[in-house]
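What follows is one structure encoded as structure tokens, with my remarks underneath.
The values are calculated or read from the model by the stated rules, or taken from the named source; none is laboratory data. Computed from a prediction, not measured in an experiment: that's the story for all the values here. When we count neighbours, we look across all protein chains shown, and the Cβ atoms used for this are built from the backbone with ideal geometry, even at glycine. The accessibility values were calculated without ligands, DNA or RNA, using every heavy atom of the protein model including side chains. Shrake-Rupley method; radii C 1.70, N 1.55, O 1.52, S 1.80 Å.
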Amino acid sequence: MSRIRVVIADDDVGIRSALEDVLDADPRFSVVGSVATGQELRTVARAVAPHVVLLDIRMPGGGPEAARALLEDCLPDGRRPLVVIAVSAHTAVTNVVSMLRAGAVGYLAKGRLAALPDLVARCADGEVVLAVPGAAEALRQLTRDDLAAARPVLR
């Protein structure tokens, strides 16, 4: 079984180091890049072709814009599709919704390192994982917004 190739994107070097240590200790993963800005992320992701990107939503050049850019830049060429997972201490429903709309398939609250490898592996296997308070409300909001957008306008 091949290892899941991960790039970690966070402007806090301590957080990057902790995430890398946890994932590198798990044989399912290989951390192939670690960056502090959205621009570095795009460059590194193109060069190393990760399977998963852990993306801090508040780093310079991060958040929904970085997720959209990554997913446009890293279209699969016979590989499995790129998986973007938001990792943040900012877990407001609006943040979760904006990252899901940008293409993220996971949103993980910082500070839950013990569960990190399993949550990342689940996302890499095709699951949507929202391990944040308010996840249910974020899904309800997405559904309401989509239903409202789909309603025909009566004139």
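Here are a few things to note about the model shown:
- Cβ-placed point charges (K, R +1; D, E -1), dipole of the chain about Cα centre in debye, nearest 20: 500 debye
- The chain: relative contact order as a whole-number percent, Cα under 8 Å and 6+ apart: 20 percent
- DSSP bridge analysis restricted to the chain gives an antiparallel fraction near 0%, rounded to the nearest 5.
- Part-to-part distance (alpha-carbon centres) for the stretch 111-128 and the stretch 4-36, which is given in Å: 13 Å
- 1.4 Å probe accessible area per residue over the stretch 1-125, in Å²: 44 Å²
- Residue among L71, A45, L139 farthest towards the positive dipole end of the stretch 1-142, charges placed on Cβ: L139
- Electrostatic bookkeeping for A36 treats Lys and Arg as +1 and Asp and Glu as -1; over the other residues with beta carbon under 15 Å from its beta carbon, the sum is -3.
- With every protein chain in place, the chain: carbon and sulfur % of accessible area (1.4 Å): 55 percent
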